[in-house]
Amino acid sequence: MSNLRSFEGLVTVREMPLRGMITLRGDTEVMTAALKSVGFELPERGMCNGAVVWMSPDEVLVQCPHESVGQTLAALQSATQSMHALALDVSDTRTVFEITGAATREVLAKLAPIDLRSAQFPVGKVRRTRLAQIPCAVWLREESAAEAIIFRSVAEYALGVLQSAAHPQAAVGYFASNKM
Amino acid sequence: MLILTCPNCGEAKDETELHAGGEAHLKRFGPGSSDADFEAYLFERENPKGVHFERWHCAPGCGKWFHAARCTMTNEVFGTYSAQTTEPPENIKDAITAKRPGWHWRQFS
Ligand SMILES: [Zn+2]
């Protein structure tokens, strides 16, 4: 996709290229088996293991290259055939913004009502919350890199609030990683 | 600020991350019930100053419902528990008793 949006401030905000995303729903047993069939593992509650994002006790978001989403979806669907489960391609529903830089925790903490101190929010954790007024899943990929998964229809809003939170003159310096 | 921990996703959420779902443990009276029962189901609600039981929705979050027991006067939270129950579990009732001896709410105490 061309025209990926980005912004440079306290952090770098970058819209990620189109990514394959599949919603998989079922109980733990069903999801574990289905994920195994495509070479993935069910993450711990509230965590993301890179490919798979924990969404709720009966839902995960499977991420894969956009080119192979059809193939992965077909594999998940055949693995869950005749089971009480759902696998659905939602790639076009969502947009991902990558947030990188020492102020990553700080910028997110300005927008989401969540405790982003490292003891409460370790690397690898994912939290469904709100970013200002829109639903969002925040994944802390590394100590100073996060991904915000939001609905595509409100991507412009997300970029706007991220821009004001990451305004170069809006530093707070609350977190140890970003002490001034 | 009211902070409730969703028992489904385990996250501590402030009330702006939750949706209030009204009184907990209502028994539905539908077709075939008496007018009095139906009216009570629709309209009669507790409005206590003190211990109260409520339904909350974890939205934007894991999308599940859960129950919470709190004090409407102090906002003290006694605990949260599964929505898959028709009455407060023992550990929640014990937690309330420890803080508010002699409490009662509808048929529970
Ligand atoms: Zn939840």
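Counting only residues that are within 16 Å of the ligand (Cβ to nearest atom) and not acidic (Asp, Glu), which one in the range A:49-64 is most open to solvent (accessible area, probe 1.4 Å)? Only one residue fits best here, namely A:57.
The lone criterion from (1) surrounded by 15 or more Cβ atoms within 10 Å (Cβ to Cβ); (2) out of contact with any Asp or Glu (no Cβ under 6 Å at 6 or more places or on another chain); (3) not hydrophobic (A, V, I, L, M, F, W, C) left unmet by residue A:147 is number (2).
Scanning the range B:76-105 for residues that are in contact (Cβ under 8 Å) with a residue 60 or more places away in the chain and either touching a Leu at 6+ places or on another chain (Cβ under 8 Å) or within 16 Å of the ligand (Cβ to nearest atom) (or both) yields a count of 4. Residues in the range A:19-39 that are open to solvent by 50 Å² or more (accessible area, probe 1.4 Å) and closer than 17 Å to residue A:137 by Cβ: A:25 only. One residue stands out in the range B:32-75 among those that are more than 16 Å from the ligand (Cβ to nearest atom) and in a strand (DSSP E or B): the one that is farthest from residue B:9 (Cα to Cα), namely B:51. When residues in the range B:10-52 are screened for being within 14 Å of another protein chain (Cβ to nearest Cβ) and touching a Lys or Arg at 6+ places or on another chain (Cβ under 7 Å), 3 of them pass.
Count of the range A:122-138 residues, restricted to those that are surrounded by 16 or more Cβ atoms within 10 Å (Cβ to Cβ) and away from chain B (no Cβ under 14 Å), is 1.
The values are calculated or read from the model by the stated rules, or taken from the named source; none is laboratory data. All of these numbers come straight from a predicted model, not from anything done at the bench. Every residue, glycine among them, receives a Cβ derived from its backbone with ideal geometry; neighbour counts consider all protein chains shown. Accessible surface areas use protein heavy atoms only, side chains included; no ligands, DNA or RNA. Shrake-Rupley method; radii C 1.70, N 1.55, O 1.52, S 1.80 Å.
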